[in-house]
1. Mind telling me which of the residues A:E555, A:E560, A:E606 ends up being among the acidic types (D, E), out of contact with any His (no Cβ under 7 Å at 6 or more places or on another chain) and in contact (Cβ under 8 Å) with a residue 40 or more places away in the chain?
2. Under 6 Å between Cβ atoms, which residue pairs at least 6 apart in sequence (or on different chains) link something in segment A:504-520 that is assigned by TED's automatic domain parsing to the domain that holds A:R535 with a partner that is among the acidic types (D, E)?
3. Could you please find all residues in segment B:90-104 being under 26 Å from A:L510 (Cα atoms) and free of Cβ contacts under 8 Å to residues at least 40 places away in the same chain?
4. Give me the strands (runs of 3 or more DSSP E) completely within segment A:349-403, filtered to those with at least 2 residues that are of a type in the set (G, A, S) and in the same structural domain as A:D290 (by TED's automatic domain parsing), ordered by residue number.
5. Looking at segment A:525-551, I want the residues that are more than 9 Å from every other protein chain (Cβ to nearest Cβ) and over 16 Å from A:Q515 (Cα atoms) and have a partner that is assigned to a helix (DSSP H, G or I) and among the polar types (S, T, N, Q) with Cβ atoms under 6 Å, at least 6 apart or on another chain. Which pairs are those?
6. What number goes with the only condition from (1) closer than 20 Å to A:I250 by Cβ; (2) under 60 Å from the mean Cα position of the chain (by Cα); (3) surrounded by fewer than 21 Cβ atoms within 10 Å (Cβ to Cβ) that A:D170 does not pass?
7. Those residues that are among the polar types (S, T, N, Q) and either outside any loop (DSSP other than H, G, I, E, B) or within 19 Å of the chain's Cα centre (by Cα) (or both), I need them from segment B:135-175; list them, please.
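The values are calculated or read from the model by the stated rules, or taken from the named source; none is laboratory data. Everything numeric in this text was worked out from a predicted model, so none of it was measured. Neighbour counts run over all protein chains shown; Cβ positions are idealised from the backbone, glycine included.
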Amino acid sequence: MKIGNRIRGPRLGTKLLMWGLVLLIVPYISYRQLISMEQLLIQGQSQAQLLTAEGISTLFNGRDDLFNDLPIRIEDYESLYARPLQSPIRIDGKDSDWGTVAAKYLKFGVDSEHALADGGFDLVLGERGGQLYAFMHIRDDAIVFRNPEYLRLDTADHIRLNFIQDDGEDGRVVITLGEPGVTTAYRVGPEWKLAVTGTSENQVQGHMEQAPDGINVEFRMPLSMLGSRRFFGLAYGDVDDSGTRAIRNITQTLPSAGKTSFNLVVLRSPEVLNIIQGLGYSGARILVIDAQNRVRAETGSFTMSEERTQVDAGLVFATRRWFQIVRPAVHRLVMWQGWGEDALAGDSEAVLNKVIESSLRGDPITLRSRVNDQEIIMAAHPIVSRDTVLGGVVVQQNIEDILAFQRAALEQVIVLSIISLLVVFVVLVAFAGRLAWRIRQLRREASAAIDSRGRLRANALRSAMNAGDEIGDLARSVSGMLSKLQQHNQFLENMPRTLRHEINNPLNTLSTSLQNLADENPMIQGSKYLDSAKRGVMRIGAIVQNLADAANLDESLEAEELEVVDIQQLVENYVANCRVVHKDCQFAFRGESHPVYARVSDYRIEQLLDKIIDNAIDFHRPNSPIKVQLDAQKDILRITVANRGPTLPPAAEDTLFDSMVSHRGAEARNRLHFGLGLYVVRVIAEHHGGSVRGMNLPDGSGVVVIVQLPLANSVGASARVNGEVAAAAH
Amino acid sequence: MAKRIAIVEDDPDQRANYRDAITKKGYDVDSYASREAALEGIERQMPDLAILDIILGEEIDAGFQLCRDLLVRAPTLPVIFLTERIGEIDKISGLRLGAWDYLPKPISLDYLAERISSLLRINEVRNATNAKESTTARRVGDLMLDQDALLVSWKNQPMNLSGTEFRMLAKLVRVPGHAVSYETLMNATMQSLVTNNTINTHMRNIRKKFEKIDDGFACIKSEYGFGYRWSVQ
C-alpha cells in the first residue's frame with residue numbers, strides 16, 4: 001500500500017485534543033484582562049493619590065508663614081538639620097542602624113584639603129519620637145580620656161552642647177568621655193569648666209566607641225530640652241597632652257565668623273504636622289517637604305501589619321499562594337516580560353527622591369515602588385505661593401491592601417477558570433478517547449464480520465448495540481446491514497440447491513416426456529433434434545449438479561472423518577496412477593524419503609489433487625512434464641504442482657481460488673468449467689487448516705500451485721499411525 | 001400375472017410419464033401423488049416394487065418416511081428412490097433406510113425400466129435361493145458373492161448391500177489385486193452423472209459395512225487418482 005493512502009490526517013482523538021487546545025486562549029485572554037484591569041486600578045489609585053496630594057498641598061498653598069515660621073530667616077544660620085529617622089536607634093556608638101541618614105554627614109573642622117583635621121568631626125543629626133539623635137565621628141590623633149580625679153570637666157576630650165532652653169536661658173551640657181562605653185553628661189556653668197550640680201544630666205544619653213583614627217560618639221537628648229526655638233550648637237574640645245591637660249583646640253558648629261550665635265537645629269514644623277495629622281489614613285504616609293528638601297511634617301506609615309496580609313485561609317488562600325508561585329512564569333508566558341519589571345521605578349528611596357525633586361520643580365508626579373514585597377504608590381504635588389515652590393506634599397500609599405483584595409479575587413477567578421478549564425479539557429479528552437475507542441471497536445468488529453474472502457463471519461455486532469447515541473445507531477445500522485447481507489448470502493448459498501431442486505423436476509418432466517414422445521412416434525427416433533434436445537437436458541442437469549456440489553462442499557466436508565494418512569505415499573501413488581490415466585502427459589514427482597503424516601480425509605486430498613492436476617493438464621505445454629513435489633517442513637507439508645505453459649494474468653493471483661472465477665480463455669467454454677475447480681481446492685485446503693496459492697513461475701514459463709497443509713502433530717498422531725500399522729500387520 | 005409397480009410422485013406430468021412408460025413395458029402401475037394416498041393404496045394391495053420421490057408436496061422427507069413404513073410391512077420389498085435430492089447425505093440416508101437403489105433425476109425411462117426388471121428378477125432369485133443353495137455364488141477369499149441374488153457375505157456373515165454397492169463390489173473383486181478405475185466403477189453404478197466423489201462415498205459405505213462385521217477388514221485399497229483395488233489378505 002502507498003504511504004499516501006495510509007496517512008489520511010490525524011485521528012479523532014488527536015483532532016479533539018488539538019481543538020481542545022483552543023480553549024487555552026480563554027485563560028490567556030483572561031490573564032491579559034487581569035493585568036490591564038490591575039493597571040487600571042493602580043492608575044485610578046495613583047490618580048486618587050495625586051488628588052489627595054494636591055488636596056493637601058492646597059492647604060499649604062500661599063502659607064509661606066508655615067514654612068518660614070522660624071523667628072530668624074533660615075538663610076542666616078547654618079542649620080543643623082535633624083532628619084527624620086525611619087527606624088529606632090540604639091545608642092551604641094555605631095551608625096549602622098541609621099539607615100540612609102548615615103550618609104548625610106556634615107563635616108566640621110576641615111583642613112585645606114577638606115579632610116578632617118585633628119579634632120574635626122563628622123556630624124549627623126536625626127529625630128525620632130521626640131528625641132534628637134546625634135552621631136559624631138571625631139578625628140583625634142591623641143585621645144585623652146577623662147580622669148575622674150579631676151573635678152574640672154575640660155581637662156580631657158569632651159563634647160559641648162549649647163542651646164537655648166524653653167525659659168530663654170542658655171543651656172550648657174558637657175558630655176564627658178571616660179572610657180569606651182556609656183558617656184556621662186553634666187550641666188556646666190558659663191566657663192564650661194565645672195558641673196553646676198553634682199549629678200549628671202540623665203536626659204542626655206550617649207555611647208562612645210574607639211575608631212582607628214579617633215572616636216565615634218552617639219548620643220540622644222529630648223527635643224523638649226531645646227525649647228521651642230530649637231537653637232542648638234555643638235563643639236568638640238580636644239585635649240592632646242595628658243600631662244598639661246590643656247584644651248588644644250575647640251571645633252564647633254557655631255559660625256566660624258566669631259559670632260556667638262548658635263546653629264539652628266531645624267526640625268519638622270509642628271504647625272504643619274498639626275495640619276496633616278488629621279489627614280493620615282491607613283497604609284498611607286504623608287510627608288511635607290520644604291524647598292530645601294527637608295521633611296517638615298510626616299504622618300502615618302505605609303507598612304502593613306503582618307496579620308492583615310494573611311487574613312485569608314483555607315483553599316482560597318492555598319490557591320492564591322499557588323498562583324503567586326506560578327504567577328511569574330505565567331506572566332512571562334503571557335505578557336512576554338518578567339514579573340515585576342513593569343511600572344516599578346526602582347527602590348523606594350530613589351523613587352522618593354525622584355518624586356520630591358519633581359514636585360519641587362513644580363510638577364505633580366506619581367510613581368510606583370516596592371518596599372518589602374509591598375507595592376507603594378508615591379504621589380507628589382508641589383506647594384506653591386505666588387509662583388514660587390514652597391515645598392511639596394508626598395503621599396506614599398501602600399496599595400497592597402487596596403489591590404490585594406481585588407487582585408486576590410481576580411486571581412481566584414483566573415485560577416478557578418484554569419482549573420475548570422483543565423477539568424473540561426480532561427473530560428473532553430477522556431470523552432474523545434472513549435468515543436474513538438468505541439468507534440475503533442465498532443470498526444474492528446465490523447471489519448471482522450467479513451473475512452478477507454468477503455464471506456460473512458457474523459450476522460450481528462455485539463458492541464455498542466445498546467448505546468443510545470449515534471454510535472449506537474451506527475452499530476445497529478451496520479448490524480442490520482450485516483443481517484440483511486447474511487440473509488442475502490444465505491439466499492445465494494441456497495440458490496444452487498433450490499435451483500437444482502426446482503430445475504430437476506421440470507427437467508425430468510422434459511426428459512421423460514421426450515422419451516415418451518419418441519416411443520409414441522417411432523419415426524422421430526434417431527432424429528438429430530431429439531438427440532440435441534436430450535443432450536441439452538443432460539447438460540443442464542450437469543451444470544446444476546456441479547453448482548450444487550460446490551455449494552454443498554463446506555457442509556459435506558464437515559461430515560468428513562479425518563484420519564492420519566501418509567501423504568508421501570498418497571501423492572506418490574497418485575502421481576503413479578496419473579501416469580496410467582493420462583498417458584499423453586509426463587509427470588515428474590519428487591517427494592520425501594520418509595513418511596509424511598497429516599490428519600486429512602484422503603478422498604478430499606485426492607479430490608484436491610484431481611482439481612490441481614486437471615488444471616495443470618489443461619494448461620500445460622505439450623511434451624513438458626508436470627512437476628509434482630512434496631516437502632515436509634517443521635510443521636507443515638507443501639504440495640507443489642508446476643506446469644509450463646501460459647501464465648496467469650497479473651490480477652488473477654488473488655482471485656484464482658474464488659468461486660465462479662475462471663481465467664480460462666474463451667476457447668475452453670465448450671467444456672464444463674464454472675471456475676469451481678480451484679475453488680474446491682481452496683475450500684478443501686482451508687478445511688484441513690491449510691492454504692493454497694497460485695503464482696507464475698519466476699522465469700515466467702508457467703504456473704505453480706502450492707498447497708500447504710499442517711502436519712499431524714507428533715505424539716498422538718504417531719501413536720495412532722503405529723496402531724494402524726499394527727492393526728494392518730495383523 | 002403382471003408385476004405391480006407403485007409409483008409415488010407429486011408432479012402430475014412426471015407421474016404420467018412414468019406411468020405411461022412403465023405400463024408400456026407390461027407392468028401394472030399404481031401411481032400416487034401423496035404419502036397418505038400411497039400408504040392407503042399399498043395397504044390395499046402390496047406392490048412388487050415401489051418407486052418413491054422424496055419430496056411430496058409440502059413434506060420434505062415424505063419419501064424416506066414412506067420407505068420406512070413400507071419396509072416394516074414388507075422387508076424384502078425392493079424400493080427405488082427416484083428424486084431430485086441428489087446430495088451425498090440424502091443418498092446415504094436413503095440407502096441406509098434399506099432402499100435398493102437411489103436414482104437421481106433426470107432419469108432415462110429406458111434405464112428406469114431396466115432397473116425395475118433387474119430388481120424384480122433379483123428379488124425373485126433371492127426368494128428362490130432362500131430354499132436352495134445358490135449356484136451363481138462366487139467365492140473370493142472370505143467373500144461370498146451371489147451375482148443373481150445380490151447377496152454378499154463376509155466370513156460367512158451375510159451383509160446388506162444396496163444394488164449399486166453390490167455392482168461396484170462385484171466389479172472390484174472381478175480380478176482380485178487388480179486396480180479398478182473410477183470410470184469402470186462409474187459404469188457399474190449404471191447411473192448418469194456420477195462423480196469420483198460419488199464413487200468414494202459408495203466405497204466408504206461398503207468399507208464401513210465390512211468393518212461392522214470385521215474390525216480388521218482392509219481389503220479395499222484406494223488407488224489415489226485412479227480408482228480402487230481389492231487386495232487379498
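1. On inspection, the qualifying residue turns out to be A:E560.
2. A:N504/B:E84; A:N505/B:D11; A:N505/B:E84; A:T509/B:D13; A:N516/B:D20
3. B:D90, the sole residue that qualifies.
4. A:374-385, A:388-398
5. Hits for this filter: zero, empty list.
6. Condition not satisfied by A:D170: (2).
7. B:Q147, B:S153, B:Q157, B:N160, B:S162, B:T164
Yes or no, residue by residue, for (1) of a type outside the set (A, V, I, L, M); (2) touching a strand residue (DSSP E or B) at 6+ places or on another chain (Cβ under 7 Å):
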{"residue": "A:K107", "(1), (2)": "yes, yes"}
{"residue": "A:V110", "(1), (2)": "no, yes"}
{"residue": "A:G119", "(1), (2)": "yes, yes"}
{"residue": "A:L123", "(1), (2)": "no, yes"}
{"residue": "A:G126", "(1), (2)": "yes, yes"}
{"residue": "A:G129", "(1), (2)": "yes, no"}
{"residue": "A:Y133", "(1), (2)": "yes, yes"}
{"residue": "A:H137", "(1), (2)": "yes, yes"}
